[in-house]
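In what follows, a structure is listed as structure tokens, so that the remarks can point back to it.
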Amino acid sequence: MWKKLIKALAGGIRDLFPAYFALVMATGIISIGCHLLGMDWLAFPLFYLNLFCYAVLWLLILVRIFRYPSALLADLADHGRSAGFFTLVAGTNVLGSQFVILAANQPAALGLWVLGLLLWVFLIYAFFTIMTVKEQKPPLEAGINGAWMLAVVSTQSIAVLGMLIAGRFGVWKNAFTFVMLGFFLVGCMFYLVIISLILYRFFFFKIEAKDMTPPYWINMGAVAITTLAGANILLKGDPAFLADLVPFIKGFTLFFWATATWWVPLLFLLGVWRHGYKRYPLTYHPLYWGLVFPMGMYTVCTFQLSRALGMPFLLAIPTVFVYLALLAWTITFIGLIISLARNFQAVTGNSDPGSPANS
């Protein structure tokens, strides 16, 4: 049995889904949302669970780097899977935000921000370089998917956590805030470019049920985290140079929040079309963490936007949406546990719960 388990684990690490850090992103942002809404009895257990998940996933990634580099490089060069690596950046920064907001641990957050920045620099330029120069490229309808929006999410996650730790930079705070504003604007640029390609794919190519994968929810999550980045700049940024830019930042931030809000009903309708009308089976896949994260992010960004714009009536939205996010997280986490249990059962040969495992 142990040989089978080791072999199965090795295969799982070799084929590890590049976007699995979306589990950390989803768990972290929902933990933050619970804390902001006074639900610490959920926020802190999710924080500790996220620490565990983050450590385990990094262990698996490191083993994959040293044991299966060819498989990892193949994913990095794949149009459909490569963008998933951006979850390493976003997951790292979401966990860093938890350290600031829940634990008031600025040094740990700073360390995670630096790690996230280094990962972003490597991955953003590796991704765009490889996608540009590779000789064999798929057609647009086969090559692009919602996971490409993770380029936006990872970029904005740098600005989100950066503004939470800006005070640690002392006399350099003004310069640091300026850089974070730059990340915010670059993320905005990425969204406007990539969403144009995704909508072109939606409107002018046939969409099958299997194509409408959960990462398309990141169409909404990307503008939600952009809203959060803008709100954090408004709440935490006080340099003089921002004074003239505040109306622009407020307007742009509200524009992206409105866009996120517009996406929500459409994505629910497309989900009903996929699973209700087309009867596509609803089974666990790590892709579903890409659905949970946007729901949690929409909760948090709306809460922070209400503070940044002085609009308390907006708080009615996160007080309801947090429960939808928690429901989605719970269902997906149960799916993960069941999937792991079934895989374990299949490896040990114990397909019948009442039969003894093979040794």
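The values are calculated or read from the model by the stated rules, or taken from the named source; none is laboratory data. Please read these numbers as outputs of a predicted model, since none were measured by experiment. Using ideal geometry, Cβ is built from the backbone for each residue, glycine included, and neighbour counts are taken over all protein chains shown. Side chains are part of the model used for accessible areas, which takes the heavy atoms of the whole protein and leaves out ligands, DNA and RNA. Shrake-Rupley method; radii C 1.70, N 1.55, O 1.52, S 1.80 Å.
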Anything in the range 231-240 that is open to solvent by 20 Å² or more (accessible area, probe 1.4 Å) and either part of a helix (DSSP H, G or I) or touching a Gly at 6+ places or on another chain (Cβ under 6 Å) (or both)? List them, or say none.
L234, L235, K236, A240
If P214 satisfies all but one of (1) under 19 Å from Q304 (Cβ atoms); (2) open to solvent by less than 50 Å² (accessible area, probe 1.4 Å), what's the number of the condition it fails?
(1)
Please go through the range 13-39 and give me each residue that is surrounded by fewer than 14 Cβ atoms within 10 Å (Cβ to Cβ) and in contact (Cβ under 8 Å) with a residue 24 or more places away in the chain, ordered by number.
D15
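Check T283, T226, T213, T261 and return the single one that is closer than 20 Å to S157 by Cβ and under 24 Å from the mean Cα position of the chain (by Cα). Spell out the reasoning first.
Working: T283 fails: closer than 20 Å to S157 by Cβ; T213 fails: closer than 20 Å to S157 by Cβ; T261 fails: closer than 20 Å to S157 by Cβ.
The match here is T226.
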Among the residues of the range 304-323, write down those that are outside any helix (DSSP H, G or I) and either within 22 Å of the chain's Cα centre (by Cα) or of a type in the set (A, V, I, L, M, F, W, C) (or both).
M311
In the range 1-12, which residue that is without any contact (Cβ under 8 Å) to a residue 40 or more places away in the chain and aliphatic (A, V, I, L, M) is surrounded by the fewest Cβ atoms within 10 Å (Cβ to Cβ)?
I6
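Does V193 fit the bill of being at pLDDT 95 or above, assigned to a helix (DSSP H, G or I), open to solvent by 40 Å² or more (accessible area, probe 1.4 Å) and among the aliphatic types (A, V, I, L, M)?
Numbers: at pLDDT 95 or above: yes; assigned to a helix (DSSP H, G or I): yes; open to solvent by 40 Å² or more (accessible area, probe 1.4 Å): yes; among the aliphatic types (A, V, I, L, M): yes.
Yes.
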Expected output for the range 197-209 (first residue in contact (Cβ under 8 Å) with a residue 60 or more places away in the chain and closer than 16 Å to L266 by Cβ, partner part of a loop (DSSP other than H, G, I, E, B) and open to solvent by less than 70 Å² (accessible area, probe 1.4 Å), Cβ below 6 Å, 6+ apart or cross-chain) is R201/I144
Counting only residues that are closer than 20 Å to A258 by Cα and not basic (K, R), how many does the range 271-310 have?
19
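What residue, of A243, A316, A258, is open to solvent by 40 Å² or more (accessible area, probe 1.4 Å), free of Cβ contacts under 8 Å to residues at least 60 places away in the same chain and under 30 Å from A175 (Cβ atoms)?
Working: A316 fails: under 30 Å from A175 (Cβ atoms); A258 fails: under 30 Å from A175 (Cβ atoms).
The match here is A243.
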Residue satisfying condition, being within 17 Å of S97 (Cα to Cα) and open to solvent by 10 Å² or more (accessible area, probe 1.4 Å), within set F184, F204, F178, F169
F169
Is there a residue in the range 275-285 that is at pLDDT below 95 and β-branched (V, I, T)?
yes
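To keep it simple, each residue is scored yes or no on (1) open to solvent by 40 Å² or more (accessible area, probe 1.4 Å); (2) in a loop (DSSP other than H, G, I, E, B).
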position: L269; (1), (2): yes, no
position: V272; (1), (2): yes, no
position: G276; (1), (2): no, no
position: Y280; (1), (2): yes, yes
position: T283; (1), (2): yes, yes
position: Y288; (1), (2): no, no
position: Y298; (1), (2): no, no
position: T302; (1), (2): no, no
